[in-house]
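Notes follow once the structure below has been shown.
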Amino acid sequence: MHSENRVSRILNTDYPIIQGGMAWASDPILTAAVSNAGGLGMLASGSMNAEDLSLEIEKTRTLTERAFGVNVMMLSPHLHEIIDLLVQERVHLVTLGAGNSGKVIGKLKSAGIVVAPVIASVAMARRAESVGADMVIAEGMEAGGHIGRVTTMALVPQVADAIQIPVVAAGGIADGRGMAAAFCLGAEGVQMGTRFVCSVECQVHENYKERLVKASELDAIIAGVGSGHPIRCLRNSLTRKIDVMEKRGAEFEEIERIAVGGLRRAVKEGDMDNGSVMAGQICGLVKEIVPVDKIIRSMIEEFTHIFRDHSGGSLS
Ligand code: TUI
C-alpha cells in the first residue's frame, strides 16, 4: 500500500481513509479505533480550549500506538493556544477547516506535522498548496456540518487537475463504491464523518445514531444559508427556528450560537428536536451501527472488488 498510494504513505496508515474530525462527536475512543483499524483517526478541537484538548490527546495515546490527527476549526476562539499545543504535542496530522488556514500552516509545518486544509473550491486548494500544505481534503456540499457550495463530484476532479499534492475526497462517501468513485475522480484518499458516527465506538448519544440510521437523504437539509455559514443537518424544530431567524435577518453570530450550542445538545443530551443533528446526505445509506474495523474492512473489500472487476486502480 505504501509504495503507490501517496496518502497512506504520508499518513503512515494501512489505508487512505481518514475519519473526519467532528466537534463533540470525535473522541479518543473513536479516534483510536479508526487508527487501530488501519485508517487515520481524528480528534476535533471544535471550540475546546488547549487544556481540554491536551487531555484528549493524552487519552488517545493510551489507546493507540498508531498515528492520529486533530481537526482545528479556524473559527475557534482558542485557535492560537490550540496551534501552540499541537506544535508541542507533534500530532501526526492536522486538518484545518471552516476558514482561511494560511496563517497557521507555517507553524505546524515547521514542527514536522502533516497539514491538510479542508477546502471547498479550486482557489482554496491552490492557495493551500502554495502555502505548503501536504495534501488537501476536498469537501463537497453533500457533507455534514459547515459546508461550501460545490458537490464532491464536481469539486474533486477540478481540484485534482489544479494541484500536484494529493487530494482526499470528503462529502457523500460511506462505502467502497463511494471510495472507488472518488478515486476515479482523481482522489487518492477519502474522509468520512457520517459513516463513523454510526459506529459502535462513536460516543454520541444513542438517539443521534438511531436518528441517523432512520434518516433518508432528503432529511439532511442546509440551514443558515443566508448567514454565509451554511450548516447541513437533519431537519427538525431547530432548523425551522433558524429559518425564522434568517427571514428576520438575524446576524451570523446569533445563528452560530444556537447551531454550535445545538450540536452539544444533540450529541451529549440526545435532543433530536432542539439540537443540531449534523449529518451528510449519505445518511440514507447508513443503515446499521457496526464496529469501526468492520466499516473499514468491508469498504476496502468492496473497493478492491470494484477495481479488480474494472481492471485498474491500486491501493498499494
Ligand atoms: O468545518 C467543516 N465542518 C464543520 S465545522 C462545524 S462547527 C460549526 N458549527 C456552527 C457554525 C460554524 C461551525 C461543523 N461542521 N468542514 C470543513 C469546511 N471548511 N467546509 C467548508 C470549509 C471552508 C469554508 C470557508 C473552508 C474555508 C473557507 O474559507 C476560506 C477563506 O479563504 O476564507
Residue pairs within 6 Å by beta carbon, gap of at least six or interchain, first lying in segment 241-266 and among the charged types (D, E, K, R), second part of a helix (DSSP H, G or I), listed first then second, are Glu246/Gly226
Picked from segment 153-185 (must be over 19 Å from Thr304 (Cβ atoms), touching a strand residue (DSSP E or B) at 6+ places or on another chain (Cβ under 7 Å) and small (Gly, Ala, Ser)), the residue surrounded by the most Cβ atoms within 10 Å (Cβ to Cβ) is Gly171
Pairs returned, first residue in segment 26-55 that is in a strand (DSSP E or B), second residue that is at pLDDT below 95 and away from the ligand (no atom under 16 Å from the Cβ), beta-carbon separation under 6 angstrom, 6 or more apart or interchain, are none
Those residues of segment 138-166 which are of a type in the set (Gly, Ala, Ser), under 11 Å from the mean Cα position of the chain (by Cα) and either assigned to a helix (DSSP H, G or I) or near the ligand (Cβ under 9 Å from one of its atoms) (or both) amount to Ala143, Gly144, Gly145
Cβ pairs under 6 Å, 6+ apart or interchain, first in segment 101-125 and within 21 Å of Gln158 (Cα to Cα), second within 16 Å of the ligand (Cβ to nearest atom) and charged (D, E, K, R), ordered by first then second residue, are Val118/Glu139; Ala120/Glu139
Filtering segment 248-275 down to residues that are at pLDDT below 85 and within 12 Å of the ligand (Cβ to nearest atom) yields Phe252, Glu253, Glu254, Ile255, Glu256, Arg257, Ile258, Ala259, Val260
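Among the residues of segment 86-105 satisfying the criterion of being within 16 Å of the ligand (Cβ to nearest atom) and loosely packed, with under 15 Cβ neighbours inside 10 Å, which is farthest from the chain's Cα centre (by Cα)? Can you show your working first?
Going residue by residue through segment 86-105, those that are within 16 Å of the ligand (Cβ to nearest atom) are 93-105.
Checking the rest, the ones that are also loosely packed, with under 15 Cβ neighbours inside 10 Å come to 100, 103.
Values: Asn100: 17, Lys103: 21 Å.
Per the stated criteria, the residue is Lys103.
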The condition from (1) surrounded by 21 or more Cβ atoms within 10 Å (Cβ to Cβ); (2) farther than 18 Å from Ile18 by Cα; (3) under 18 Å from the mean Cα position of the chain (by Cα); (4) away from the ligand (no atom under 13 Å from the Cβ) that Ile83 misses is numbered (3)
For segment 65-80, the count of residues that are part of a helix (DSSP H, G or I) and either surrounded by 17 or more Cβ atoms within 10 Å (Cβ to Cβ) or at pLDDT below 95 (or both) equals 1
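Taking segment 283-296 as the search range and keeping residues that are away from the ligand (no atom under 15 Å from the Cβ) and in a helix (DSSP H, G or I), which one is nearest to Ser227 (Cα to Cα)?
Here is the first cut: in segment 283-296, the ones away from the ligand (no atom under 15 Å from the Cβ) are 284-296.
Those still in the list that are in a helix (DSSP H, G or I) too: 284-285, 292-296.
Numbers: Gly284: 27, Leu285: 29, Val292: 35, Asp293: 38, Lys294: 39, Ile295: 35, Ile296: 36 Å.
Among those that are away from the ligand (no atom under 15 Å from the Cβ) and in a helix (DSSP H, G or I), it is Gly284.
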Thr62: passes all of (1) touching a strand residue (DSSP E or B) at 6+ places or on another chain (Cβ under 9 Å); (2) at pLDDT 95 or above; (3) hydroxyl-bearing (Ser, Thr, Tyr) but (1)
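The values are calculated or read from the model by the stated rules, or taken from the named source; none is laboratory data. Everything quoted here is computed from the prediction, not taken from an experiment. Glycine also receives a Cβ, built like all others from the backbone with ideal geometry; neighbour counts cover every protein chain displayed.
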